[in-house]
Amino acid sequence: MPIGVGLEERFYPSRKLLMLPGPTNVPERILHSMIKPMINHRGPEFHELYRRIMEKAGKVFQSDGEIVVLTASGTGGVEAAALNVIKQGDEVVVPVFGEFGNRIVNSVKGAGGKPIRVDAQMGNAPEPSEIEEAFKRAKAAKALFLTYNDTSPGVTYRWLDEASKIAKEHGAFVVVDAISILGGDHLPQDRWNIDLVIAGSQKCLALPPGISLLSVSNELKEYMMENPPTTTIYFDLTRYFKFNEKLETPFTPAIPLFYALDEALTIILEEGLERRIERHMVTAKALYRGLEEAGVKPFVEERVRSNTVIAATYPSGISDAEFRRILNEEYGVVVAGGFGDLKGRIFRVGNMGETNARYVLHTLAAMILALLRLGHDVNYDRVLDAAYEELKPLLSHSG
Ligand SMILES: Cc1ncc(COP(=O)(O)O)c(C=O)c1O
């Protein structure tokens, strides 16, 4: 057992650098915000907390729509979207370019809909023209359900604005899984005409796992109120809309996570959403450049590369399990492996929330050492110099 891993650490795991695509590092301010007494979720303290959350969340979604906070992980948010938008037999266009697109297909089926898949090869994404073709085939399609950032290959759908326009021209609702991207890249919901955006807590918002946020356009809310779902109680969004009026949730909320959300939203607005997004772009560039200098190729085509999930292909001969074990046990850096067919072929670095120059340099240094140990030739100086060059905009911010 490595030095420093004692009995207590089995009960209180030591703090690691969580460069995972969720859960991610949670700032101290957010951790501390949760250590407060419980309050009555039907009382004035909760009303005030909820009012602050609603006000700030609208700014982060860049929307005048209605916010719902679900005490459920991201999957609950996606399922709620499917159950409230889709009726039996509805056709739904679903671009699929990773595992989370596949999961949407299953959620659509689960809600009684018929998914019209628009597939792309792993590491790429379908062109907007292919989405348009699907809408021409499925003339009465009810909605477009799109994963903005598919976390499994690390692909961001860079033509979301265009795809949304196409769906709207065909009279469809636009629903976006932004679980692994909201707060880390551009997503002006109202300007891009998106009816429903789903965000997760444990990603770019830098919260612990356990809640998801939905922002619903007025048009879609009206539709839902007139056609409430019949097969769910917990995920019936119309109940949440009604309780929003009295600044409450219909069921008992995860109060500590609501405290945390309040603080996380304050932190985002203090930094400024645009600056936060720019920070994610800079750190993403540094990670991609550093890895390339180390001879580790990005998995995804440049035009659809994610800034929040950096996926890279292992050089030949590098064992996924050994690489990640060394990073974790010896350098305290935790990164993710690949999903499904990509298991063993790629690894994924979360670049989310608190990400900064220090985290990037620490991660790259640890990776260089792990690669060297596994027999891969890497020039330490070249990798760190390349990353440092990209990180300069952040380093000059902090003086
Ligand atoms: C794009 C995307 N959608 C949905 C989910 C599911 O979220 P959760 O694991 O919080 O239920 C994830 C989780 O990684 C995700 O990245």
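The values are calculated or read from the model by the stated rules, or taken from the named source; none is laboratory data. This one's a predicted model, so the numbers in the text were calculated from it and none came from an experiment. Counting neighbours? That spans all protein chains shown, and the Cβs are built from the backbone with ideal geometry, glycine included.
Side notes on the structure shown:
- Residue match in the range 148-163 (condition: touching a residue at least 60 places away in the same chain (Cβ under 8 Å) and surrounded by fewer than 19 Cβ atoms within 10 Å (Cβ to Cβ)): yes
- Counting only residues that are surrounded by fewer than 22 Cβ atoms within 10 Å (Cβ to Cβ) and either among the aromatic types (Phe, Trp, Tyr) or touching a Leu at 6+ places or on another chain (Cβ under 6 Å) (or both), the range 294-314 holds 1 of them.
- The range 157-176, residues that are outside any helix (DSSP H, G or I) and touching a helix residue (DSSP H, G or I) at 6+ places or on another chain (Cβ under 6 Å): Arg158, Trp159, His170, Phe173, Val174, Val175
- Residue within the range 315-325 that is crowded, with 19+ Cβ neighbours inside 10 Å, closer than 30 Å to Leu269 by Cβ, at pLDDT 95 or above and of a type outside the set (Ser, Thr, Tyr) present: no
- All helices (runs of 4 or more DSSP H) inside the range 37-126 with 3 or more residues being among the acidic types (Asp, Glu), in contact with a Cys (Cβ under 9 Å, 6 or more places away or on another chain) and closer than 24 Å to Lys203 by Cα: none
- The number of residues in the range 49-83 that are in contact with a strand residue (DSSP E or B) (Cβ under 9 Å, 6 or more places away or on another chain) and within 16 Å of the ligand (Cβ to nearest atom) comes to 14.
- In a residue-by-residue description of the range 331-352, the property of being hydroxyl-bearing (Ser, Thr, Tyr), crowded, with 18+ Cβ neighbours inside 10 Å and in the same structural domain as Val300 (by TED's automatic domain parsing) applies to no position.
- When Glu271 is tested against (1) surrounded by 20 or more Cβ atoms within 10 Å (Cβ to Cβ); (2) out of contact with any His (no Cβ under 7 Å at 6 or more places or on another chain), only condition (1) is not met.
- Meets criteria (in a strand (DSSP E or B), near the ligand (Cβ under 10 Å from one of its atoms) and of a type outside the set (S, T, N, Q)) for Ile198: yes
- Residue in the range 185-194 that is within 12 Å of the ligand (Cβ to nearest atom), at pLDDT 95 or above and under 24 Å from Gly338 (Cβ atoms) present: no
- Qualifying positions in the range 262-319 - in contact with a strand residue (DSSP E or B) (Cβ under 8 Å, 6 or more places away or on another chain), among the charged types (D, E, K, R) and within 20 Å of Asn356 (Cα to Cα): Glu292, Arg305
- Test: residue in the range 143-151 that is within 13 Å of the ligand (Cβ to nearest atom), hydrophobic (A, V, I, L, M, F, W, C) and either under 26 Å from Asn351 (Cα atoms) or at pLDDT 95 or above (or both): yes
- Taken over the range 235-261, the criterion of being buried (at least 19 other Cβ atoms within 10 Å of the Cβ), among the aromatic types (Phe, Trp, Tyr) and in a loop (DSSP other than H, G, I, E, B) is satisfied by Phe235 alone.
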